[in-house]
Amino acid sequence: MRPLTGAEIRNRWIAFFEGKGHKYIPGVSLIPKDDPSLLWVNAGVTGLKKYFDGSEIPPSRRIVNVQKSIRTNDIENVGHTARHHTFFEMLGNFSIGDYFRDEVIAFAVEILTDEEKGFGMPLDKIYVTYNPSDLATKKRWMELGVAEDHLVPLEGNYWQIGEGPCGPNTEVFFDRGEKYDPDHLGVKLLQDDLENDRYIEIWGIVFSQYNAVNGVPRERYKELPSKNIDTGSGLERIACILQGTETNFETDLFMPIIKATEKLSGARYEDNKMAFRVIADHARCLTFALGDGAAFSNEGRGYVLRRIIRRAMRYGKKIGIHDAFMYKLISVVTEMYKGFYPELVKTLHSTENSVREEELRFLKTLETGEALLRSLLENKKEISGEEMFKLYDTYGFPPDLTKEIAAESGVSVDEAGFEAAMEEQRERARSARGEVESFHKQSKDLLAFDKESVFSYHDDVIEQAKVIGLFVDGVAVKELTGEGDIAFDLTPCYAEMGGQVTDHGEFVGKNAKGVILNVGKAPRGQHLHHAKVEGTLRLCDVVSLSIDIAKRRATERNHSATHLLHSALATVLGGHVAQKGSFVNEDYLRFDFGFNRKLTKEEIRAIEDIVNAKIFEGIEEVTEILPIEEAKKTGAEMEFSEKYGDYVRVVEFGDYSKEFCGGTHVKNTSEIGLFVIESEEAIAAGVRRIQARTSLGALKYLQSRTDLLDTAEESLFGGDVDFLVKLGKLKEELAGYKKETQLLKDKVSSLEAKSVSVEEVHGVTFYAAVKEGATRDALLSLSDTLKSNRSDYVFVLLGGQEGARPLLIVCGGKALEKFKAGDLVKEAALILQGGGGGRPEMASGQVKTKDGFASFADSVRGRL
């Protein structure tokens, strides 16, 4: 068994299975596409579900892949264990209705033990678990040389999640020897399913042969019409075994990151392995997740990434790094992986910028959290679990740091309460993920449907469209009345994909007519028209089939404008603008792109001008169908998250725009007519969205803006006037009224200030009050009057009404030696259910209630 690098392991895996007739299909993006059940792509089979459940016929019955994956449901374990990671690579080989048990086990033995083509592992180091009912699997392993005492039956070896394909599975383990078995338990570790470092699971093989149905006992499941093999082998674990390292973290898949972190920190890996492991793991995860288009945010996967970077930074502090540093590791990860994942080079700078900005944001948050904690410690014997959790969840303040600072002040913490709150959060996360790997039921009839159906890009009407398939809920029928799915030999109807909506249409035949509600695709790629039918439609009927032309043309104009917009963004903003998503229908277009700030009015106008210039140029659209590798050489824009076939459509508008695209387009840019941007906004950290309209939609949008201006003109000035001159005079009058109003407010505040009773506490003027109904401006005016002729003061003022109360705290003179107004506002906001901040001298916030205000004010008074 000789050591192999991670890259060599990956390449051997692919080459071995290609030699066994498998087609290599690159892994999909970490961000699931069209799968709301998943937060992240978390297994090798995820991108192949459509082949396993029969919703699409695969390009080959035998597939090999390497799938980047993320699992974050138990992130706290990362760094504690030898093999737990957030990001990892899953090696997989799959059979969709081709080979089964005998072949896959033979492949496993060969690749694991062969010195030249595989990994050269000694067969006597291989242990295997299997389901007790699956004696065929036990027999096959023994036929191939695995000793019977190395075969362990386990009842849990059965793969099933929800309804759909399921079956027994077998798992392969490598025995690392007595060194990792201090209690000398041997195979009992496997038999009792005990956590251990001796027997390392390196491969799982699922025999997907039954169709699970809720409420039906397992022994009564029916066999699938298409039996499948689904396997997964962890690259990092294979590397650990072949490189002979203590854990995965000492392999070449982590050590370059760890070495770089040593240089940044000046600390040694051997002295604090936990911190270095967390940082290395999280650097890989951030690089790949952000590279695939994820972004930091306060919910979903963005919140997960925020937790990951904050956890890494907390461990950075443990090894002496107190500034932003994770962004410096992104280039290290990119350099390690660019050979197999070249797209990382393209996203390197945007990923570095996103990470750095998030780090700086967290450093500020951490400072706020510590200030809040120290205010909570005043006059307390214990920090509650709820308070500890809020500090962690809302402010990202580390629980261990909370315990440490509390201990320094002689205050205990409710760890049990904190753990209970954490478990509630984990349960919410588990519920949100749902059945993450569940499949749909296979439709035997749709899987078997192999008649050819052709989509015509250029026809609006097909006069002689023959019915070649009829289905109701996936079951083939000979005639259709009511609602169901129809396949025609030739169709003008576009099936929804690539961000472009489906066509609508209608058909008329001798004995039936109907309305096309939407169009999808059958497993083998045929267009499947979901329709409502009047009369009776039969197989082999010939009908006239037409699309809603107005809807199609409007959609095409928006789609082509999206291509021009993509290029215009790069022209105006500089360099490559990474597309994060798009959507086009007949009414508008949306385009999401990676960018870290709001666009200026000048930039938006420049983008509009460029797109309209290209429209007025009247550029002809040219479409080429090219082999994928040849298409890449043209420099056409493509999405790395998309999986393309052997041939792709390249849509060009002169030299200005060239993209891989399967959608429909105008024949000439002049058909778009007009382009206008109606909004530009952030939808996540580092991701912006432009919404725009074209043609009549753009004209109507501009008309609505003109109507709005006319209405304002009429309402303000009563008719046709020089609007800007009148508006200028109106603003002058308004400024005068505001000045007069402020003078009156100052007089009222002065009178009120003279009537209030302030306290002198150790030479500092103190005043705290609830002013029901008062606005923030009124509180400011009152505080300004109270400050007159005073140099040392603290004023704590609360206004508004329950549910929405402005809070104002002002400090001056000697009081600033003890307090910062910003810290006091944050402390009060934690009690009064709100938020806020500001300068040491003056800070404000918005809270929900006055409950607890009196005790807070007393606390401030007591600390003077």
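Please report, in debye to the nearest 20, how large the charge dipole of segment 744-862 is about its Cα centre when each Lys and Arg carries +1 at its beta carbon and each Asp and Glu carries -1 there.
Around 180 debye, computed over segment 744-862.
Apply 1/(1 + (r/R0)^6) to the Cβ-Cβ distance of residue 458 and residue 386, taking R0 = 51 Å, and write down the FRET efficiency to the nearest 0.05.
Efficiency, rounded to the nearest 0.05: 0.20.
Would you order 252, 655 from fewest to most other beta-carbon atoms within 10 Å of each residue's own beta-carbon?
Neighbour counts put them in this order, fewest first: 655, 252.
Using +1 at the C-beta of Lys and Arg and -1 at the C-beta of Asp and Glu, which of 244, 519, 477 has the Cα lying farthest in the positive direction of the dipole of the chain?
244
Mind giving me the nanometre distance, one decimal, between the label points for residue 497 and residue 7, set 7 Å out from Cα along Cα→Cβ?
Once both label points are built, they end up 3.4 nm from each other.
Please work out the FRET efficiency for the pair residue 195 and residue 748, using the Cβ-Cβ distance as r and a Förster radius of 51 Å; give the result to the nearest 0.05.
FRET efficiency, residue 195 to residue 748: 0.10.
Considering only 588, 54, 99, whose Cα is most displaced toward the positive end of the charge dipole of the chain, charges sitting on Cβ of Lys, Arg (+1) and Asp, Glu (-1)?
Positive-end residue among those listed: 588.
Using 0.36 nm per residue, how much length does the chain from residue 678 to residue 307 gain when fully extended, once their Cα-Cα distance is taken away?
130.1 nm
Using the charge dipole of the chain (Lys, Arg: +1 at Cβ; Asp, Glu: -1 at Cβ; taken about the Cα centre), state which of 761, 85, 539 has its Cα farthest towards the positive end.
Value: 761.
Report, in debye and to the nearest 20, how large the dipole of segment 552-705 comes out about its Cα centre when Lys and Arg carry +1 and Asp and Glu carry -1 on their Cβ.
Roughly 560 debye, rounded to the nearest 20.
I want to check the label-to-label distance for residue 839 and residue 116. Put each point 7 Å from Cα in the C-beta direction and report it in nm to one decimal.
Spacing of the two 7 Å Cα→Cβ label points: 7.9 nm.
Listing 159, 40 from the residue with the fewest other Cβ atoms within 10 Å to the one with the most, what is the order? Present the calculation step by step, with values, prior to reporting the outcome.
Values: 159 19, 40 26.
If I rank by nearby Cβ atoms, fewest first, I get 159, 40.
If you take the beta carbon distance between residue 425 and residue 345 as r and set R0 to 51 Å, what does 1/(1 + (r/R0)^6) give as a FRET efficiency, to the nearest 0.05? Walk me through the numbers on the way to the answer.
On the way: r = 36 Å, r/R0 = 0.71.
The calculated FRET efficiency here is 0.90.
Using a simple charge model, +1 on the beta-carbon of Lys and Arg, -1 on the beta-carbon of Asp and Glu, nothing else, what dipole does segment 254-372 show about its Cα centre, in debye to the nearest 20?
Using Cβ point charges on Lys, Arg, Asp and Glu, segment 254-372 gives about 220 debye.
Tell me, in nm to one decimal, what length is gained between residue 323 and residue 299 on full extension, where the rule is 0.36 nm per residue of separation less the Cα-Cα distance?
Extra length available between residue 323 and residue 299 comes to 6.1 nm.
Cross-link candidates for residue 451: which aspartates and glutamates have Cα within less than 13 Å, leaving aside residues fewer than 8 places away along the same chain?
Cα-Cα hits under 13 Å: 489.
List residues of segment 220-263, by number, whose backbone nitrogen lies under 11 Å from a label position 7 Å along Cα→C-beta of residue 444.
So the set is 222-226.
For the chain, what is one quarter of the convex hull surface built on the Cα atoms, given in nm²?
If you wrap the Cα atoms of the chain in a convex hull and average its projections, you get 45.8 nm².
According to a simple spin-label model (label point 7 Å from Cα along Cα-to-Cβ), what is the distance in nm between residue 601 and residue 102?
7.7 nm
Read-outs: derived from the displayed coordinates by stated rules, not from any lab. All values derive from a computational prediction rather than experimental measurement. As a convention, Cβ positions derive from the backbone with ideal geometry for all residues, glycine included, and neighbour counts pool all protein chains shown.
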